[in-house]
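Every number in this text was worked out from the coordinates using simple rules, so none of it is lab data. Computed from a predicted model, the values in this text were never measured in an experiment. Methodologically, a virtual Cβ is constructed for each residue, glycine included, from the backbone with ideal geometry; neighbour enumeration extends over all protein chains shown.
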């Protein structure tokens with residue numbers, strides 16, 4: 001596969017080009033490891049994450065297609081990231097109402113479930129795409145497609161037509177959740193979930209260490 005083809009299907013994360021104020025609140029309460037890979041290389045140096053102690057609600061458009069089940073992939077990703085050693089900063093749970101969600105996951109074949117914020121929503125050519133839009137030192141809350149207010153600040157879009165099978169979809173969705181939780185980077189190691197073209201569906205020790213660092217570092221942007 002050519003380098004251009006790799007770039008075309010690699011997952012992408014929205015680069016923020018906004019002035020961000022460093023937060024002094026939400027400081028870490030435990031000693032954290034150094035990251036295994038810089039978690040800000042795709043976010044223009046911006047360290048972003050959720051405020052500690054949150055239950056993060058995830059809604060997904062549950063519509064199996066092409067023999068690849070998005071709901072199955074999302075549930076597996078939630079189990080994978082919830083199972084990583086942390087300090088109780090978050091818990092990912094399934095939401096039944098998109099208006100009550102913090103994160104929405106959908107497939108390219110489905111209508112865009114939100115109204116994009118001030119930042120351009122551009123997922124062309126990506127098998128996985130994670131979107132949020134900075135509004136000062138916090139991410140913008142996004143209205144649902146019909147204009148209904150919501151608590152959603154992060155949207156994950158996948159393209160199942162670019163995935164060969166269910167294990168491949170599981171890996172892409174879990175990878176995008178790494179971005180949604182605060183890892184704004186790709187690893188250079190193929191054994192890491194956050195490798196640019198993920199080959200595994202479970203975070204490695206290096207992925208976990210990088211997320212631990214993110215969650216214990218004062219954020220430039222809170223999601």
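Between the alpha-carbon centres of the range 145-223 and the range 81-116 there is a gap of 11 Å. For labels at residue 34 and residue 121 in the simple 7 Å Cα→Cβ model, what's the distance in nm? Result for the modelled spin labels: 4.0 nm. Shape analysis of the range 139-222 places it in the oblate category; the axes a ≥ b ≥ c from the Cα gyration tensor give an a/c of at least 1.5, with a/b not above b/c. Nearest 5 percent is fine: what portion of the DSSP beta bridges confined to the range 114-198 is antiparallel? DSSP beta bridges in the range 114-198 are roughly 90 percent antiparallel. Sorting 120, 217, 191 by the number of Cβ atoms found within 10 Å of their own Cβ, with the fewest placed first, yields 120, 191, 217. Here the gap between residue 91 and residue 191, fully extended at 0.36 nm per residue and compared with their Cα-Cα distance, gives a gain of 33.5 nm. Counting other Cβ atoms within 10 Å as a rough exposure proxy, the listed residues 131, 213, 48, 87 run 87, 213, 131, 48 from fewest neighbours to most.
Footprinting exposure proxy ranking of 181, 215, fewest other C-beta atoms within 10 angstrom first, gives 215, 181.
Remark: spin-label model distance residue 108-residue 62 equals 2.5 nm, labels positioned 7 Å along the Cα→Cβ axis.
When a/c reaches 1.5 or more, the comparison of a/b and b/c decides; with that in mind, is the range 65-223 rounded, prolate or oblate per its Cα gyration tensor? Oblate. Counting only DSSP beta bridges whose two residues both lie in the chain, roughly 30 percent are antiparallel. As a rough guide to protection, the peptides 56-63, 90-97 ranked by mean Cβ packing within 10 Å, highest first, stand as 56-63, 90-97. Were the residues from residue 99 through residue 138 laid out at 0.36 nm apart, the gain over their Cα-Cα distance would be 12.2 nm.
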